[in-house]
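Have a look at the structure below, then the notes.
What follows draws every value from the coordinates through simple rules; no lab data is involved. Owing to the predicted nature of the structure, the values given are computational and were not obtained by experimental measurement. Quick reminder, even Gly has a Cβ in these numbers, built from the backbone with ideal geometry, and neighbours come from all protein chains shown.
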Amino acid sequence: MRALFVSADPLGQVQFVQAQLQSGAAVGGVGVEELQAFVEEHPRLLALSGAGISQHSGIPTYRDAVGVWKSNKPIQHGEFIRHHATRQRYWARSYKGWPNVANARPNAAHIALSELEDLGYVQTLVTQNIDRLHQKAGHRKVIDLHGRLDQVICMDCGETVTRADVQDWLAQNNAHLDEIKVTAAPDGDAQIEGEVLNDMQVPSCFRCSGLLKPNVVFYGSSVNKEIVNAVYDQLSQVDALLVVGTSLMVFSSFRFCKFAQANDIPILCINEGLTRADDMLRLKVLADCGSTLQHLAQALLVRG
Ligand SMILES: [Zn+2]
C-alpha cells in the first residue's frame with residue numbers, strides 16, 4: 001500500500017492520502033511533559049515545520065486538520081512556465097497577497113524554535129514554508145525546502161531580484177490593480193478574477209528580459225536534489241526528527257519521515273490535526289504548536 005503514496009501526479013497523490021487519513025487511525029496524543037522527557041534523552045533534533053506554524057501569523061493554510069483543500073487550486077509549475085495568462089493571474093494575485101506575507105510577524109512557535117536552537121537542541125530546521133518567518137524570528141540554520149517568496153528568479157539567466165523590487169515594478173505598471181478589493185489566500189496568493197487580468201503587465205528579468213518566477217517550488221515541480229541530500233545528511237546526525245505544524249501531505253517532506261523510519265531515528269510530532277505519518281510516530285502532542293513549543297523551551301531552559 002505504501003508504494004501508492006509515490007505518485008507522479010501531485011494532485012492525485014494528495015487525494016489518495018486524504019482517503020487514507022479519513023479512514024486511518026491517529027496515534028493518541030501525549031502531554032508536553034512526555035515530549036520534554038523524550039527530548040532530554042534525545043537532545044539533538046532536526047525540526048521540520050509546515051504551514052500550521054505560520055497560521056497564527058495571519059498566513060492562511062491550504063488544508064484543514066484532515067487535509068482537505070481550503071482554497072482554490074494552487075498554481076502549477078508547468079502552466080506558469082508555458083502560459084502567459086497563468087503568469088498574469090499569478091502576478092495579479094501575488095501583487096495583492098504579497099504585502100500580507102511581507103508584513104507578517106513571527107509568532108510564539110517561530111520564537112520558541114529559535115530558542116531551542118540557541119539552547120542547542122534544534123540542530124537544523126527544515127521548513128516547507130516560504131514566508132521566511134523563521135529567519136525573522138532569529139533562527140540561523142534554516143533550510144527553505146520549498147524556496148523563498150521574498151525572492152524572484154530569472155528562469156533564463158538565473159539572476160535573482162527581491163520580491164520588493166518586483167512589487168514596485170508591478171505597482172508602476174499596473175496602477176489599476178490598486179482599485180481592486182481582494183482577500184488574502186495561501187502563500188501570498190489572493191483571490192482575483194475578471195477582465196482586469198487581460199491588461200495585467202507581467203515583469204521580466206531586469207537583466208536579460210527572461211521569464212521571472214517567484215523563487216519557490218510550485219506544485220508539479222520538485223525540490224532540488226542537493227537540498228534533499230543535505231537534509232538526509234543532517235538527519236543522519238541527529239537523535240530525533242521533530243515534526244511541527246504540518247500534516248505532511250506533500251511527498252517532498254513526507255520522505256524525510258520515511259528516511260527517519262528506515263534509519264531508526266524516532267519521529268516526534270506537534271500538530272493539531274492528523275498527519276500522513278501518524279502510524280510512524282514515536283510520540284505525538286495533539287496541540288497548538290506555539291504554546292507547546294513555548295512550554296518545551298521554557299522547561300528545557302529551566303533545567304539548564
Ligand atoms: Zn535573466
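Per-residue Karplus couplings for the stretch 74-83, computed as 6.51 cos²θ - 1.76 cosθ + 1.60 with θ equal to phi - 60°, are listed in order as x, 4, 9, 4, x, 5, 5, 5, 7, 10 Hz, Gly and Pro entered as x.
Once both labels are positioned 7 Å from their Cα atoms along Cα-to-Cβ, the gap between Asp239 and Asn173 label points is 5.3 nm.
Each residue of the stretch 131-140 was assigned a 3J(HN,Hα) from its phi angle through the Karplus curve 6.51 cos²θ - 1.76 cosθ + 1.60 (θ = phi - 60°); the sequence is 8, 6, 6, 4, 5, 5, 7, x, 5, 9 Hz, with glycine and proline shown as x.
Partners of Lys141 within straight-line reach, counting aspartates and glutamates whose Cα lies under 20 Å from its Cα and excluding those fewer than 8 residues away in the same chain: Glu115, Glu117, Asp118, Asp131, Asp150, Glu226, Asp233, Asp239.
In this structure, the amide hydrogen of Val243, modeled 1.01 Å from its nitrogen in the peptide plane, lies closer than 5 angstrom to those of Leu48, Leu268, Cys269, Ile270, counting only residues at least 5 positions away or on a different chain. Compared with the alpha-carbon gap, the fully stretched path from Lys136 to Leu119 is longer by 4.3 nm at 0.36 nm per residue. Peptide packing for 245-255, 168-178 was compared via the average number of neighbouring C-beta atoms within 10 Å per residue; ordered from the highest value, the list is 245-255, 168-178.
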